[in-house]
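**Student:** One structure is given below, represented as structure tokens, and several questions about it will come after.
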Amino acid sequence: MNKIFTFLFLMTFIADFDSKSSQFIANQGQVSFFSYTPVENIEAKNNQVLSLLDISNSEIAISMLMRAFVFKKALMYEHFNESYIESDIHPKANFDGKIIDFDPSLKEPQTRIVKGTLTIHGISKEMDIKATIESKNDAYMISGDFDVVVKDFDIKIPPILASNIAKTINVMFKFEYKPYEE
Amino acid sequence: MNKKRNIVLLVFSAVLIAFCIYINSKLTAENYIDIENTSTELNITSNKLVASFTNNEEQADKMFSGKIVEITGRVKEVTFLNNRNTVILYGQNSTSGIICDFDTNQLEEIKSLSKNQKVTIKGVCKGFLKDVVILNCLLMKTNLNE
């Protein structure tokens, strides 16, 4: 009898533990970037960015398809994918990092530094990115923005177009996470 | 003589302006892929498409990415996050599916979709993360009875 009770107790404990997974997912995250120059402004948006967040160790992983960025002009899309990013060789951009001093139980918005590695065009770079984390109804939202220096990622822009593309690109992101169920 | 040259110049500049306007309208169109009038390159079921990517992503990428595909599958979810109209289709397992991003013109049709409904969606395949991503989608067929 006692054994059965222990077994039942253990089972409920395991079941409970399982349902409260520490993993969260966003499969429709938003990443957009802007390039401002006197010649022209270029803007692109990707609404299908994938991100996983593990609140037990504050780890965050982000992955996106470069071809899923939508531009205002077809020519911008073509240049971006074929000449600059070379999407056939490097179809994805990734970020892997850790949120420093993240407190998952905090109800009010918290601004934290995310330390990690950003990989674009096959080049990886260590970055510290400031992000705001909001918790609502057992789900999380992470948003923020940062600057990327084009030269850092070995992206070659022909001299004739150099005045059309900014040296630093502003990147904005927004992820709405929900609990991850396998 | 001078008059003739002026006319030639006028015609030439008119043609040039018209050409510029034409090129500009071609390039600035919001949806630069006219999905409705571009023929489908591949027909596939949602299960098979997801399976191709989960089995061998590199090979599937070569086969499908950048192509106009017509996918038949069942609706898992309809979302309107970030002002986008998105239909998510089931894959053969529960972890991976197909994210179909629609332009705004078919809002009413998308709203009326229900879970598990069988649909055929045409769009441009962009690749695979955890789900297959399809952009510029168009709802081709809905089947309420199945």
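**Student:** Return the distance in nm (one decimal) between the two label points of a simple spin-label model at B:Phe12 and A:Phe146, each offset 7 Å from Cα along Cα→Cβ.
**Tutor:** Label at B:Phe12, label at A:Phe146, 5.4 nm between them.
**Student:** Here is a further query. Calculate the length of the line joining the C-alpha centroid of the range A:156-182 to that of the range A:104-146, in whole Å.
**Tutor:** About 15 Å separates the Cα centre of the range A:156-182 from the one of the range A:104-146.
**Student:** Suppose each label sits 7 Å from its Cα in the direction of the beta carbon; what would the A:Gln23-B:Met63 distance come out to in nanometres?
**Tutor:** 2.6
**Student:** Let me check I've understood the local charge: for A:Asn81, count other residues with C-beta under 11 angstrom from its C-beta, Lys and Arg +1, Asp and Glu -1. What total comes out?
**Tutor:** On the way: positive: A:Arg67, B:Lys126; negative: A:Glu78, A:Glu82, A:Glu86, A:Asp88.
Neighbourhood net charge equals -2.
**Student:** Follow-up question, since we're still on this one. Evaluate E = 1/(1 + (r/R0)^6) for B:Thr95 and B:Ile21, where r is the Cβ-Cβ distance and R0 equals 41 Å; express this FRET efficiency to the nearest 0.05. Let's see the in-between values first.
**Tutor:** Working: r = 49 Å, r/R0 = 1.19.
The value I calculate is 0.25.
**Student:** So, counting K/R as plus one and D/E as minus one, what does the shell of residues with Cβ under 12 Å around B:Ile110 add up to?
**Tutor:** On the way: positive: B:Arg84, B:Lys111; negative: B:Glu77, B:Asp101, B:Asp103, B:Glu108, B:Glu109.
That works out to -3.
**Student:** Hey, rough spin-label estimate for A:Asp128 and A:Ala61, points 7 angstrom out along Cα→Cβ, what's it come to in nanometres?
**Tutor:** About 2.6 nm separates the two model spin labels.
**Student:** Could you state the number of Å between the C-alpha centres of the range B:53-125 and the range A:43-102?
**Tutor:** 19
**Student:** Then there's this: As a footprinting exposure proxy, order B:Val133, B:Val69, B:Val11, A:Val49 by other Cβ within 10 Å, with the fewest listed first.
**Tutor:** B:Val11, B:Val69, A:Val49, B:Val133
**Student:** Sticking with this structure for a sec: How shielded is A:25-31 by partner chains, expressed as the average number of their Cβ atoms within 10 Å of its Cβ atoms? Please list the in-between numbers first.
**Tutor:** On the way: counts 2, 1, 11, 10, 2, 4, 0.
Averaged over the peptide's residues, the number is 4.
**Student:** Now, a different point. Using Cα-Cα distances under 8 Å and only pairs 6 or more residues apart, what relative contact order does the range B:35-143 have, in percent? Please report the intermediate quantities before stating the final value.
**Tutor:** Numbers: 247 pairs, mean separation 31.9, N = 109.
After rounding, I find 29 percent.
**Student:** Would you mind checking the tilt of helix A:2-19 against the longest principal axis of the Cα atoms of chain A, expressed as 0 to 90 degrees and rounded to 10?
**Tutor:** Orientation of helix A:2-19: about 20 degrees from the principal axis.
**Student:** Moving on. Work out the FRET efficiency for B:Asn37 and A:Ser105 from their Cβ-Cβ distance, taking R0 = 41 Å, and round it to the nearest 0.05.
**Tutor:** Values: r = 54 Å, r/R0 = 1.31.
Using R0 = 41 Å, I get an efficiency of 0.15.
**Student:** What does the extension gain come out to for A:Ile113 and A:Ser83, with contour length at 0.36 nm per residue minus their alpha carbon separation?
**Tutor:** Numbers: separation 30, 0.36 × 30 = 10.80 nm, distance 3.25 nm.
Here the answer is 7.5 nm.
**Student:** A further question follows. Would you tally the net charge around A:Asn41, using a Cβ to Cβ cut-off of less than 12 Å, leaving A:Asn41 out, and scoring K and R as +1, D and E as -1? Walk me through the intermediate numbers first.
**Tutor:** Values: positive: A:Lys72, A:Lys73; negative: A:Glu40, A:Glu43.
Taking every Cβ under 12 Å from that of A:Asn41, the sum is 0.
Readers should treat all values here as calculations from the given coordinates under stated rules, not as data from a laboratory. This structure is a prediction, so every number in the text was calculated from the model and none was measured. FYI the Cβ positions are ideal-geometry reconstructions off the backbone, even for glycines, and counts take in every protein chain you see.
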